[in-house]
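What follows is one structure encoded as structure tokens, with my remarks underneath.
The values are calculated or read from the model by the stated rules, or taken from the named source; none is laboratory data. On a predicted model such as this, the values are computed, not experimentally measured, just so you know. Here the Cβ is made from the backbone with ideal geometry for all residues, glycine too, and neighbour counts use every protein chain on show.
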Amino acid sequence: MAGFESLLISTLLASSSTLFFFLSTKNLKYATISEILLYSSLSFCLTSILLLLNSFITDDFSNLYVYLNSRREMSIIYKISALWAGKEGSLLLWNFANLLVASIFVNYGKKDVKKIRAMTILMTISSTLLILNLFTNPFKEIPFTHINGIGMNPVLRTPEMIFHPPFVFFGYALVALVYSSHLSGIQDRYIVISAWIFLTVGIVLGGFWAYRTLGWGGFWGWDPVENASLLPWLSLTAYFHVRKSKEFFAYLALVFVIFTAFITRSGILESVHTFGEDPLGFAYFAIFLLLLIPIIRKWKIEDFCSSSLLFSAMIIVVFLGTFANLFRNVDRSYYLLTFSPLFLIAVFGIIYKLKNSKRKILHLGVILLFIGSVSVWFFEEKKTILLDKNSGVEEFEFLFQNSSILHDGEKSILKVRISSKIGIFEPEIHFYDNWEPLKKVSIIMTPFYDYYVALNSFSEDFIIIEFYRVPLIIFVWIGSLLMLVGAILGARKVRPVF
């Protein structure tokens with residue numbers, strides 16, 4: 001069975017399941033039919049993914065999506081991760097995550113009217129995204145088969161690409177479940193913690209990826225798409241700190257997930273994270289407006305600021321900065337002047353209450369994350385250095401020793417060797433036929449500083465490098481890890497109510 005047909009059947013089954021879940025709110029006898037249709041939809045969606053994956057692995061370049069995102073020379077791991085490298089395949093992964101989360105949710109616990117209502121809402125969201133996937137079809141064929149493909153963007157050919165998108169999209173699926181369950185009167189802390197953990201892993205992997213790959217010495221550039229992805233996380237974080245009106249932030253988290261999809265998929269903003277222009281991207285703006293309805297109907301000003309003023313201020317600051325990019329460029333100085341003081345106040349509050357906190361590991365992680373982030377944002381040092389062959393330069397005694405050029409069939413790799421009193425740096429530039437040159441940085445890690453070198457330009461007699469001294473970046477990674485450990489330990493103590 002062809003992949004598109006499987007996707008079409010999955011969409012029809014999901015839509016039918018939505019209808020029968022709606023009927024089940026009036027008569028529970030339809031619940032079994034709804035469930036069977038859901039599992040069937042999940043099976044056909046998985047079939048679509050496996051068929052698309054087979055096209056990547058077998059180098060089927062008659063498939064346009066495979067042609068644009070794969071090459072024969074790519075390793076099997078990158079051919080697998082190429083499945084979600086573009087807007088079509090990533091939406092397919094998101095749909096699979098939605099259906100799998102829905103299947104797990106409906107399969108456990110009692111099936112009462114509240115759960116049926118939640119499933120109706122969740123399946124409505126899932127069906128809508130599946131319909132969009134039919135229009136952004138990952139199974140389009142081209143008239144003739146190419147000998148080779150263009151290949152996945154070299155920036156994406158990293159180990160982080162294997163894990164980062166799946167964690168993000170399963171996080172988004174769990175946020176949709178948070179929205180649906182709260183709108184139906186189910187407040188399950190376990191679901192919210194699970195969504196927060198997945199989003200956190202996705203954000204941390206993304207930051208680590210940017211730090212190692214993009215060659216600008218940082219882990220968070222306040223890019224509009226980065227900011228948009230931060231908003232659902234901030235909303236769920238606020239959820240845990242409010243005493244009342246928790247459902248407001250549960251709704252807001254999914255609204256911001258769809259806002260992120262709109263920013264990423266409409267092409268309205270230029271970013272390293274976006275997929276380019278797509279008229280269908282504006283369909284996400286329509287979904288965004290529809291999801292706002294429960295908030296508008298139930299919204300009260302005290303919901304946003306009664307017991308979560310600090311997190312509300314963070315959300316407003318990031319949202320306004322991101323939204324303003326639609327009209328003018330907002331650089332990082334805006335966020336450093338607005339978000340950093342709020343982050344500092346939050347940390348002071350954590351320190352004050354740390355002794356009596358039930359989440360000491362998590363909150364200690366937040367403190368370390370703050371120290372590392374502020375150190376990088378405000379005290380990172382950058383120098384552009386010209387190095388002649390066999391002549392030392394600068395306080396660290398840089399010495400351009402030699403260079404070499406390698407070929408691996410797909411690209412040429414320029415590698416230079418630079419000695420210093422810190423250690424040996426070996427930055428690279430990868431040259432592809434169809435892509436811009438990609439810098440591969442060289443990093444020497446120490447407890448208090450990372451020393452970071454990116455090769456900027458090259459000639460036979462000299463090179464120009466970008467040198468960064470990044471203070472306390474290790475606190476960002478340790479702090480993030482502690483936050484996740486603390487959240488996972490906390491989740492083990494929470495019993496699901498669904």
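For the reader, a short list of remarks on this structure follows.
- Taking the conditions (1) buried (at least 19 other Cβ atoms within 10 Å of the Cβ); (2) modelled with pLDDT under 90; (3) among the hydroxyl-bearing types (Ser, Thr, Tyr) in turn, Tyr449 satisfies each one other than (2).
- Hey, Ser34 among the small types (Gly, Ala, Ser), buried (at least 20 other Cβ atoms within 10 Å of the Cβ) and outside the structural domain of Phe167 (by TED's automatic domain parsing) or not: yes
- Any hit, region 189-198, residues being without any contact (Cβ under 8 Å) to a residue 40 or more places away in the chain and closer than 26 Å to Ser81 by Cα: yes
Okay, residues lined up against (1) outside any loop (DSSP other than H, G, I, E, B); (2) of a type in the set (A, V, I, L, M); (3) free of Cβ contacts under 8 Å to residues at least 12 places away in the same chain:
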site	(1), (2), (3)
Phe396	no, no, no
Gln401	yes, no, no
Lys415	yes, no, no
Ile418	yes, yes, no
His430	yes, no, no
Pro447	no, no, no
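- Within region 319-335, residues that are more than 15 Å from Val225 (Cβ to Cβ) sit with their Cβ atoms under 7 Å from residues that are in a helix (DSSP H, G or I) and at pLDDT 90 or above, at 6+ positions apart or across chains, in these pairs: Tyr334/Gly321.
- The set of residues in region 229-283 that are assigned to a helix (DSSP H, G or I), at pLDDT below 90 and of a type in the set (Phe, Trp, Tyr) comprises Phe248, Phe262, Phe282.
- The set of residues in region 443-469 that are in contact with a Leu (Cβ under 7 Å, 6 or more places away or on another chain) and within 19 Å of Glu397 (Cβ to Cβ) comprises Phe462, Ile463, Ile464, Ile465.
Condition check ((1) in a helix (DSSP H, G or I); (2) of a type outside the set (Asp, Glu); (3) under 20 Å from Thr128 (Cβ atoms)) across all residues:
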| position | (1), (2), (3) |
| --- | --- |
| Lys29 | yes, yes, no |
| Ser40 | yes, yes, yes |
| Phe61 | no, yes, no |
| Val66 | yes, yes, no |
| Ile77 | yes, yes, no |
| Glu88 | yes, no, yes |
| Leu92 | yes, yes, yes |
| Asn98 | yes, yes, yes |
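- Residue selected from region 75-96 under the condition of a type in the set (Ser, Thr, Tyr) and crowded, with 20+ Cβ neighbours inside 10 Å, by the criterion farthest from the chain's Cα centre (by Cα): Tyr78
- Scope region 32-76; condition of a type in the set (D, E, K, R) and under 30 Å from Lys111 (Cα atoms); matching residues: Glu35
- Just one of the listed residues (Lys358, Lys353) is basic (Lys, Arg), outside any helix (DSSP H, G or I) and closer than 27 Å to Phe475 by Cβ, and it is Lys358.
- The condition of being touching a Leu at 6+ places or on another chain (Cβ under 9 Å), touching a residue at least 24 places away in the same chain (Cβ under 8 Å), under 24 Å from Leu51 (Cα atoms) and surrounded by fewer than 23 Cβ atoms within 10 Å (Cβ to Cβ) holds for Ile150.
- Matching entry among Leu214, Leu254, Leu231 (being surrounded by fewer than 24 Cβ atoms within 10 Å (Cβ to Cβ) and closer than 19 Å to Leu291 by Cα): Leu231
- Residues in region 27-40 that are without any contact (Cβ under 8 Å) to a residue 60 or more places away in the chain and within 12 Å of Leu13 (Cβ to Cβ): Ile33, Ile36, Leu37, Ser40.
Table: residues versus (1) at pLDDT 90 or above; (2) surrounded by fewer than 17 Cβ atoms within 10 Å (Cβ to Cβ); (3) touching a strand residue (DSSP E or B) at 6+ places or on another chain (Cβ under 6 Å).
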{"residue": "Val330", "(1), (2), (3)": "no, no, no"}
{"residue": "Leu369", "(1), (2), (3)": "yes, no, no"}
{"residue": "Phe396", "(1), (2), (3)": "no, no, no"}
{"residue": "Ile405", "(1), (2), (3)": "no, yes, yes"}
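- The set of residues in region 97-117 being buried (at least 21 other Cβ atoms within 10 Å of the Cβ) and under 25 Å from the mean Cα position of the chain (by Cα) consists of Ala97, Asn98, Leu99, Val101, Ala102, Phe105.
- Residue identified as of a type in the set (A, V, I, L, M), under 19 Å from Lys493 (Cβ atoms) and not assigned by TED's automatic domain parsing to the domain that holds Leu122 among Leu205, Leu174, Leu199: Leu174
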